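Each remark here refers to the structure printed beneath this line.
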C-alpha cells in the first residue's frame, strides 16, 4: 500500500513509534519541568532531546559491517619477528622461537651480512607470500616453514594447525559455489 509516495510495507514502524513516543515524552517532561523554572525547562528539553537522538541513532541507525574473516589483516611477519626490508624477510631479534631447530636470534650487527639463504637466521616468507598463494600447496609450504622455524603466525599457523590452508579451502569452495550459482 502506497500513500503519498511512501510504501507502508517498507516503513520501520518501531522507529515511527519511537519518534512519536519521544516527542510525547519530551513535550510532557518539558512541560512538567518548565513549571518549576524557565531555565530548568529549557535545559531539560535540550538534554532530553540529546539523549533521545542518541538512543534513536543507536537503536535504529545503520549497522557497521564487521569483518567476516579473521584476522582481517595478516601481519607482515610471523608473530614477534622483525621485518628487514633489505632482505626482504623476517628475523628473530627477540629470541622468541620455541623449536630447537628454529630460528636463531639475530643481532643488529649481523643484519647487513644476512641473506635469504641463511635459513637458521632468516624467515623468508612475508604476508605478501601468503596473499599471493594460489594453492593449498603454497600455503602448506609456508606452514611447514613456520613449524620448522618454531614460530606462530596469526591467521596462518597457530603452532598446531595450518589456519591458512583451511581458510583457503573455504574461500575456494565459496568461490566455486558462487560461480555455480551464476
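Bear in mind these aren't lab numbers, they're just calculated from the coordinates by the rules spelled out. These numbers come from a predicted model, not from an experiment. Cβ placement follows ideal geometry from the backbone for every residue including glycine, while neighbour counts extend to all protein chains displayed.
At q = 0.18, 0.20 Å⁻¹, what log₁₀ I(q)/I(0) does the stretch 2-60 have when each alpha carbon counts as one equal point scatterer in the Debye sum?
-0.68, -0.76
So how far apart, in nm, are the two label points at residue 43 and residue 114 if each is 7 Å from Cα heading toward Cβ?
6.3 nm
Taking 0.36 nm per residue of sequence separation and subtracting the Cα-Cα distance, how much length would be gained by fully extending the chain between residue 105 and residue 18, in nm to one decimal?
The span from residue 105 to residue 18 would gain 25.1 nm if fully extended.
Taking Cα pairs under 8 Å and at least six residues apart, what relative contact order does the stretch 2-60 come out at, in percent?
28 percent
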